[in-house]
1. Of all residues in the stretch 413-427, count the ones that are assigned to a helix (DSSP H, G or I), touching a helix residue (DSSP H, G or I) at 6+ places or on another chain (Cβ under 9 Å) and surrounded by fewer than 14 Cβ atoms within 10 Å (Cβ to Cβ).
2. Can you list the helices (runs of 4 or more DSSP H) found entirely within the stretch 216-312 that contain at least 1 residues being open to solvent by less than 10 Å² (accessible area, probe 1.4 Å), of a type in the set (D, E, K, R) and within 16 Å of the ligand (Cβ to nearest atom)?
3. Could you tell me which of the residues Leu432, Leu445, Leu449 is over 17 Å from Gly235 (Cβ atoms), touching a Pro at 6+ places or on another chain (Cβ under 6 Å) and open to solvent by 20 Å² or more (accessible area, probe 1.4 Å)?
4. Quick one: is Gly85 at pLDDT below 95 and under 28 Å from Leu334 (Cβ atoms)?
5. What pairs come out if I take residues in the stretch 290-308 that are within 22 Å of Leu35 (Cβ to Cβ) and pair them with residues that are outside any helix (DSSP H, G or I) and open to solvent by less than 10 Å² (accessible area, probe 1.4 Å) whose C-beta lies under 7 Å away, six or more apart or interchain?
6. Go through Leu396, Leu351, Leu356 for me and flag whichever is more than 14 Å from the ligand (Cβ to nearest atom), surrounded by fewer than 16 Cβ atoms within 10 Å (Cβ to Cβ), in a helix (DSSP H, G or I) and not charged (D, E, K, R).
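The values are calculated or read from the model by the stated rules, or taken from the named source; none is laboratory data. Just so we're clear, the structure is a prediction, and the values are computed from it rather than from any experiment. Using ideal geometry, Cβ is built from the backbone for each residue, glycine included, and neighbour counts are taken over all protein chains shown. In case anyone asks, the SASA skips ligands and DNA or RNA and just uses the protein heavy atoms, side chains included. Shrake-Rupley method; radii C 1.70, N 1.55, O 1.52, S 1.80 Å.
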Amino acid sequence: MNQTKRDGFTSTFGVLVATLGSAVGLGNIWKFPSLTGANGGAGFLLVYLIATLLVGLPVMIVETMLGRAARANAVSTFERVAPRGQPGWQAVGWMGFAAALLIMAFYSGVAGWVYAYIFKAISGEIATTDPKVAAAVFGSLVSNPVSSLLWQWVVLGITGSIIMMGVAKGIEAVARKLMPLLFILLLVLCARSLTLPGAMPGLTFLFSPDFSKITPAVLLTALGLAFFKLSIGMGTMLTYGSYFRDDQNIPATTTRVMLADLSVSLLAGIAIFPAVFAFGFEPAAGPSLVFMTIPAVFTAMPGGTVFMTIFFILTAIASVGAILSLLEVPVAILSERFGFGRKRASLYTILAIALLGVPAALSQSLSAEWKVFGMNPFDLFDFLSSNLLLPLGGILICVFVGWVYGFPELEKQLGNRGTLHNAWLVKTVFFLIRFVTPLSIAAVLLHGLKVF
Ligand code: TRP
């Protein structure tokens with residue numbers, strides 16, 4: 001085959017920050033705290049931890065492995081690694097293509113609100129300790145079709161221009177700068193929150209479990225979060241894996257990313273809950289926690305404007321790497337399978353998201369009444385992707401690797417062709433993805449869906 005050299009990450013550090021950049025995102029700062037708050041704190045956290053270890057990490061390892069083994073986009077990977085006569089596996093890649101667009105349709109919308117909030121924090125528009133006033137400001141942003149869409153397009157414009165620059169010069173270069181900055185800002189916020197008088201109940205809430213709140217629906221939510229957090233089940237990790245270097249230790253890298261991502265979530269929780277409790281706000285505010293409770297919480301504290309601005313800048317930064325990784329799935333498929341240049345593939349992807357984003361962005365205004373299963377387009381896209389497509393993709397990836405791809409190949413890939421001496425680990429992963437992981441996903445999925 002006459003191929004020019006494929007783009008890819010350039011160093012171990014580059015792989016780590018880019019992959020972490022994908023995992024860390026609105027999931028840590030918007031979803032994790034709001035879901036933890038709404039589902040009773042530490043009990044939910046524990047279930048989420050178990051889901052991450054038993055389900056998330058094994059899927060992340062084998063998904064990344066598939067990409068590196070085939071060195072191709074999500075669709076072509078299955079074409080290359082599936083046995084002859086089983087072309088059906090490519091559907092998993094196409095499912096990922098669809099899931100990426102669906103997720104971005106609402107994800108880029110939320111990122112747009114965050115960008116808008118940076119300016120609202122600086123201008124003082126959200127400087128209020130009355131959650132009702134904060135709710136009105138948020139309401140007027142999300143119910144205004146023009147501003148919702150414009151901010152979403154700003155997000156797509158920025159991330160789209162980065163993705164056009166490529167994997168090493170775009171994704172990796174940006175992650176190298178943003179990820180360290182993100183950690184610094186997060187630590188600043190934690191220091192502020194923990195030094196507030198009355199911070200303790202917030203920590204208790206985050207770290208002492210209440211198991212009475214754990215229902216099947218909550219289990220499904222925790223599992224969905226584990227998938228969403230690690231960017232697995234739809235080809236993002238597969239695509240990033242295809243850019244890993246040959247000497248990369250996949251289990252070690254993915255474990256580090258998982259732990260770092262978890263730390264970011266916990267730090268976000270530590271930055272948020274002590275402050276929420278210190279000023280007597282409601283931790284169970286749900287998805288509006290970040291946009292309604294947070295401004296009120298920050299306004300109530302000394303130095304509030306500065307810390308509030310930092311908070312929204314931090315959140316915006318986190319969203320960049322995650323969106324880049326979502327974009328990369330369709331961009332890689334379009335450019336490698338249809339021979340589009342990278343620029344054209346990126347452009348088509350952005351346009352598709354902008355279109356799908358319209359009903360999602362208008363979910364609080366014009367399309368609020370378009371209900372499917374009782375959900376507006378925004379909630380539906382979120383539900384379909386996190387709670388349905390990602391777990392389903394996860395099951396299929398496990399079944400493929402565990403029952404079709406097989407142990408000898410898995411051992412070769414995860415052991416870097418005999419150089420890593422991690423046989424016990426490969427055996428554990430193989431056992432998990434053959435039985436434990438897909439069965440637990442299936443059980444939670446079926447159980448959780450009956451409830452809805
Ligand atoms: N992990 C990111 C977050 O927590 C979101 C994300 C990026 C994602 N790529 C993904 C979620 C792929 C699911 C699938 O914000």
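1. Taking the stretch 413-427 first, the residues assigned to a helix (DSSP H, G or I) are 413-414, 423-427.
When the remaining residues are screened for being touching a helix residue (DSSP H, G or I) at 6+ places or on another chain (Cβ under 9 Å), the result is 413-414, 423, 425-427.
Of the ones still in play, those that are also surrounded by fewer than 14 Cβ atoms within 10 Å (Cβ to Cβ) are 423, 427.
Number satisfying all stated conditions: 2.
2. Numbers: elements: 216-229, 236-241, 250-278, 294-300.
Output list reads 216-229, 250-278.
3. Numbers: Leu445 fails: open to solvent by 20 Å² or more (accessible area, probe 1.4 Å); Leu449 fails: touching a Pro at 6+ places or on another chain (Cβ under 6 Å).
Only one candidate qualifies: Leu432.
4. Numbers: at pLDDT below 95: yes; under 28 Å from Leu334 (Cβ atoms): yes.
Criteria met by Gly85.
5. These pairs meet every condition: Pro295/Ile126.
6. On the way: Leu396 fails: surrounded by fewer than 16 Cβ atoms within 10 Å (Cβ to Cβ); Leu356 fails: surrounded by fewer than 16 Cβ atoms within 10 Å (Cβ to Cβ).
Of the residues listed, the single one that is more than 14 Å from the ligand (Cβ to nearest atom), surrounded by fewer than 16 Cβ atoms within 10 Å (Cβ to Cβ), in a helix (DSSP H, G or I) and not charged (D, E, K, R) is Leu351.
To keep it simple, each residue is scored yes or no on (1) under 24 Å from Leu181 (Cβ atoms); (2) among the small types (Gly, Ala, Ser).
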| site | (1), (2) |
| --- | --- |
| Thr236 | yes, no |
| Thr239 | no, no |
| Asp247 | no, no |
| Ala252 | no, yes |
| Val257 | yes, no |
| Leu267 | yes, no |
| Phe277 | no, no |
| Glu282 | no, no |
| Leu289 | yes, no |
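This table checks each residue for (1) modelled with pLDDT of 95 or more; (2) over 21 Å from Phe281 (Cβ atoms).
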residue	(1), (2)
Lys5	no, yes
Thr10	yes, yes
Val17	yes, yes
Leu20	yes, yes
Lys31	no, no
Ser34	no, no
Ala38	no, no
Gly41	no, no
Tyr48	yes, yes
